[in-house]
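Below you'll find the structure, written out as C-alpha cells, and then a few comments.
The values are calculated or read from the model by the stated rules, or taken from the named source; none is laboratory data. Computed from a predicted structure; not experimentally measured. Quick reminder, even Gly has a Cβ in these numbers, built from the backbone with ideal geometry, and neighbours come from all protein chains shown. For accessibility, only protein heavy atoms count, side chains too; no ligands or nucleic acids. Shrake-Rupley method; radii C 1.70, N 1.55, O 1.52, S 1.80 Å.
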Amino acid sequence: MAIIRTYTDEQDWIAASVQAITGSLEQDIRDNDASSLALSGGSTPYPIYQQLGTEPVLWEQVSLISVDERFVPADDPEYNWAKIVSALGEELIARVKRTCAFTYAASREESLRVVEDCLPDRPGIVVLGMGTDGHIASLFPGQPFGDNRTVVATTAPDSYETQERMSLSADYILSAQKIVLLLKGDSKANAVDILMDQEYPAEQFPATLILDHPDCEIHWLREG
Ligand code: 6PG
C-alpha cells in the first residue's frame, strides 16, 4: 500500500523526496550494477531535480527515462524534457549511462518506437506527478493505458494546452521497483482524498493504479 507523507516546509519535502529517489537508485546499483530513473514533467518536481543534480550518485550507471511528453518540438515551452534536463544540470546529463526521451519525430508512433527500443526491461524508480483529475504521466481518465506495451499514445482533455501526448504505459510504470509521487499545494487535497479513499476505478482516476504498488511513496508539500 502506498505510503503518504505530508510536509509544510519545502526544504523538508525536497530532502525527503530526494532521499527516496537516491536511496533506491543506490540500492539498485548495489544489487544490479545499474539502475534507471524515469522522470515526469509538469510544474512540481523541478526543485527536487535541481537537488538531485548535486547528489553523489553513480550517475554513470543510471539511465534517464522520460515518463511522458507532449508531441511538440523541443523548443516548445510545453516540451517537458528540456525543463527536466535544465533542472538536473549539464554535469549530470553528461554523466548518465543513456537517455530515453520522447522526441518530436515524423510521427508519434515513430517517437514511441524509438523510446520503446531504448527502455530497460523495467524501470528502477519512476517519479510521477498527479493532476487534479487523477492523471499520472499522460494516462488520463478514459484514455488507453497501453496494455501489453511499454509506451502509449494518448490524448489529453481539451482543457490542456497540448492534447497529443506520448507516455510510458501503466504496465511499464507499475513494473518499476519504486514509485515516488510528488505533490505540491492544497489544490491537490481533493484529488488526494479521492486517491486514498479509492473512490473511483483506475479508468476514471488513473492514479489509483499506483496504490497497490509494493514500494510507492507519496510526498506532498502542503501550504501550512
Ligand atoms: C506532464 C506530467 C504530468 C504531471 C501532472 C501534474 O507532462 O505534465 O508528466 O503527468 O506530472 O500533470 O502536474 P503538476 O506537477 O503541474 O501538478
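Determine, for each peptide in 57-65, 3-11, the mean count of other beta carbons within 10 angstrom over its residues, then list the peptides with the highest first.
Values: 57-65: 19.6, 3-11: 12.1.
Those peptides, ordered most packed to least, come out 57-65, 3-11.
Could you rank the peptides 104-115, 173-184 by their average count of other C-beta atoms within 10 Å per residue, with the highest value first?
On the way: 104-115: 15.3, 173-184: 22.9.
Highest-to-lowest ranking by the protection proxy: 173-184, 104-115.
Could you pull out every residue, at least 5 positions away or on a different chain, whose amide H is within less than 5 Å of the one on Gly89? Hs are placed 1.01 Å off N in the peptide plane, and Pro or chain starts have none.
none
Quick check: the distance between the Cα centres of region 6-54 and region 171-224, to the nearest angstrom?
If we compute the Cα centre of each part, the gap is 16 Å.
When the chain is fully extended, how far beyond the present Cα-Cα distance does Ala106 get from Glu55, taking 0.36 nm per residue of separation? Write out the running numbers ahead of the final one.
Numbers: separation 51, 0.36 × 51 = 18.36 nm, distance 3.65 nm.
Result: 14.7 nm gained on full extension.
Full-extension gain between Ala74 and Gln163, please, as 0.36 nm times their residue separation minus the C-alpha to C-alpha distance.
30.4 nm
Under 20 Å from the Cα of Lys97, which lysines turn up, not counting those fewer than eight places away in the same chain?
Cα-Cα hits under 20 Å: Lys83, Lys178.
To the nearest 10 square angstrom, what accessible area does Glu161 show with a 1.4 Å probe?
Taking all protein chains as shown, Glu161 has close to 140 Å².
Quick one: Karplus J couplings for region 20-26, per residue in order, coefficients 6.51, -1.76, 1.60, θ = phi - 60°, nearest Hz, x for Gly and Pro?
Those phi angles translate into 4, 6, 5, x, 6, 4, 5 Hz.
Between Asp186 and Asp12, 0.36 nm times their residue separation minus their Cα-Cα distance comes to what? Present the calculation step by step, with values, prior to reporting the outcome.
On the way: separation 174, 0.36 × 174 = 62.64 nm, distance 1.67 nm.
Residue separation times 0.36 nm, minus the Cα-Cα distance, leaves 61.0 nm.
Skipping prolines and chain starts, which residues have an amide H placed within reach, meaning under 5 Å, of the one on Cys100, given they are 5 or more residues away or on another chain?
Here Leu64, Ile65, Ser66 satisfy the definition.
Leaving out ligands, DNA and RNA, and with a 1.4 Å probe, what % of the accessible surface on region 3-221 is carbon or sulfur?
Working: 4250 of 9310 Å².
In region 3-221, the share of accessible area belonging to carbon and sulfur is 46 percent.
Sort 15-25, 132-142 by packing, meaning the average of other beta carbons within 10 Å per residue, with the highest value first. The partial results should precede the final answer.
Values: 15-25: 19.6, 132-142: 21.7.
In decreasing order of mean packing, 15-25, 132-142 become 132-142, 15-25.
With no other cysteine's Cβ closer than 4.7 Å, which Cys residues of the chain count as lacking a disulfide-compatible partner?
Lone cysteines by the Cβ rule: Cys216.
What's the Cα-based Rg to Rh of the chain, Rh via Kirkwood? Before the final figure, lay out the partial values.
On the way: Rg = 16.1 Å, Rh = 17.3 Å.
Across the chain, the Cα-based Rg/Rh ratio is 0.93.
Rounded to whole Hz and in sequence order, give me ³J(HN,Hα) for region 171-185 from the Karplus expression 6.51 cos²θ - 1.76 cosθ + 1.60, θ = phi - 60°, writing x for Gly and Pro.
Result, ordered by residue: 4, 5, 4, 6, 7, 4, 6, 9, 10, 10, 9, 9, 10, 9, x Hz.
Can you list residues whose amide H is under 5 Å from Ser36's amide H, if they're 5+ apart or on another chain and H is modeled 1.01 Å from N?
Ser63, Gly124, Ile125
If you count the DSSP beta bridges with both ends in the chain, what percent of them are antiparallel, to the nearest 5?
Details: 9 of 35 bridges.
The answer is about 25 percent antiparallel.
Mind running the shape call on region 97-188? Use the C-alpha gyration tensor, a ≥ b ≥ c as the square roots of the eigenvalues: rounded below 1.5 for a/c, prolate if a/b tops b/c, oblate otherwise.
Values: a/c = 1.78, a/b = 1.18, b/c = 1.51.
Judged from the Cα gyration tensor, region 97-188 comes out oblate (a/c at least 1.5, b/c at or above a/b).
Read phi for every residue in region 187-202 and hand back ³J(HN,Hα) as whole Hz from Karplus 6.51 cos²θ - 1.76 cosθ + 1.60, θ = phi - 60°, with x for Gly and Pro.
Each residue of region 187-202 in turn: 5, 8, 4, 5, 5, 5, 4, 4, 4, 6, 8, 6, 5, 10, x, 4 Hz.
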